[in-house]
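Here's the structure, in structure tokens; my notes come after.
Quick note: the coordinates plus some simple rules give every number you see, no bench work behind them. This one's a predicted model, so the numbers in the text were calculated from it and none came from an experiment. Virtual Cβ from ideal backbone geometry, glycine too; neighbours counted across all protein chains shown.
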Amino acid sequence: MGRRGWCAAAVLACVGCRGGEPVDARWLEGFDLGWTFFNHRVSQLVARTDDDAAQVAFVGGTSTTGVRPTLPDGCDLSTCEEFPFLDTADIALYYGRIQTDRASFSDGAVTVVAGVDGASTTVSVPLPPGAPRAGFAMLRSLSLGTDVPLDGEAGCYDPANGWHPRRVRVALGPPTFEGDAARVTVDVAFEAGNSLEDVRACIDAVRDRAQVQFDLALWVVATREAVTEQEVVGGMSFPDPAGGVPAPQVPTDAAALDGAFGPDSVVGWRAVDMVFHQEDPLERGAYLRTWTLRVDPVGGTAAGQATNYSPGTQLSGFSYAFAGTVVGATLPGAVAHGVTAATAVPAALAEDGGPVLTALPYPSDLD
């Protein structure tokens, strides 16, 4: 295992492989996350397209949960300050859905812990008899959490309180079909940046040893239809308020989708790579106010976007760069694209420290 990237209890699964019978499957097309009051660190994100309802959560540390942590003995509060507060988030989850008997959707799951050096593993997904030995892999669900010990010895800062992200990367490789299974490589990476605040110097002292747990679910779609991939790039910069009133930030860098992707297409994310403050020589991390990931085959666009706009707590300008890969095909069957959303979702924690999930019902799109 590498120093700052390792697989923690990799879980390989095929939960309900489907083939030779009608399929009713949903997959992740993206999410919109936005805090009500301020910008925050990231400590938990959940965007799951379960069969019965979407499951979501967004937590940004003690400034969203109101929890006041206890410092270890010998640590200086003046350099490891927290500001407990309650904030809520508006959350939307975008999804696609298909009903078909002309393709198989086989799902796998994996848990990987990674830091700045990244980590890689392979998921073996069993295929149903008779399924084509060709197709593609895409994300079904995405979750990340910072409640993971530092790489190396413990410090004064508790990673469960979140990090200022500088890079978040998830990538699935094309499936390799071998016998009765498909093998998919999974690569992830997370880099935490500096706060550059005296009252949070204990974060900056250990941020290079930050690790995050990724919990991913994926679909292997077995089909003989033509598969299309498209690289999606974007990025924007917003000025430093320089002691003045910050201006609202409106990302406008969505990319146009390939003409092969239309309203009848099954199209999802194979890779997502979001980088914040990429040109900052001080390696600043991000306080995020909003975070968006979306592929929209109806509107014909795809993007990864974010902002840090926050009157009263915006300490700097902001920039992000995005690189992603969408993949899919037009399959015989009934396809729908939808959104399910909720406002003022609490950033609540369960007794075990994990996020309290909010179930978002799906609208009646194909029913």
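When only the Cβ of Lys, Arg, Asp and Glu is charged (+1, +1, -1, -1), the dipole of the chain relative to its Cα centre reaches about 480 debye.
In order along segment 335-340, phi translates into HN-Hα couplings of 10, 9, 10, x, 9, 10 Hz, rounded to whole numbers, per the Karplus curve 6.51 cos²θ - 1.76 cosθ + 1.60 with θ = phi - 60° and x for Gly and Pro.
Of all the options Gly61, Gly179, Gly328, the one that moves most in a Gaussian network model of the chain with Cα springs shorter than 10 angstrom is Gly179. Count Lys and Arg as plus one, Asp and Glu as minus one, and take only other residues whose Cβ is under 12 Å from that of Gly66; the net charge is then -1.
How would you rank Asp73, Asp208, Asp240, going from fewest to most other Cβ atoms within 10 Å of each one's own Cβ?
Asp73, Asp240, Asp208
Computed over the chain with a Gaussian network model linking Cα atoms closer than 10 Å, the most mobile of Asp24, Asp51, Asp107 is Asp51.
When the helix-only estimate is applied to the chain (DSSP H runs of n ≥ 4, each -39,500 (n - 2.57), divided by the residue count), what is the mean residue ellipticity at 222 nm, nearest 500 deg cm²/dmol?
Details: 2 runs with 10 residues, N = 367.
The helix-only estimate for the chain comes to -500 deg cm²/dmol at 222 nm.
Using the Karplus relation 6.51 cos²θ - 1.76 cosθ + 1.60 with θ = phi - 60°, the per-residue 3J(HN,Hα) values for segment 174-188 come to x, x, 9, 8, 9, x, 9, 8, 10, 9, 10, 7, 10, 10, 9 Hz, with x marking Gly and Pro.
Comparing Met138, Met274, Met236 in a Gaussian network model of the chain, where Cα atoms under 10 Å apart are tied by springs, the biggest mean-square fluctuation is seen for Met236.
Derived scalar couplings between HN and Hα for segment 344-358 equal 6, 7, x, 8, 9, 10, 7, 4, 7, x, x, x, 7, 7, 10 Hz in order, rounded to whole Hz, by the Karplus curve 6.51 cos²θ - 1.76 cosθ + 1.60 (θ = phi - 60°), x for Gly and Pro.
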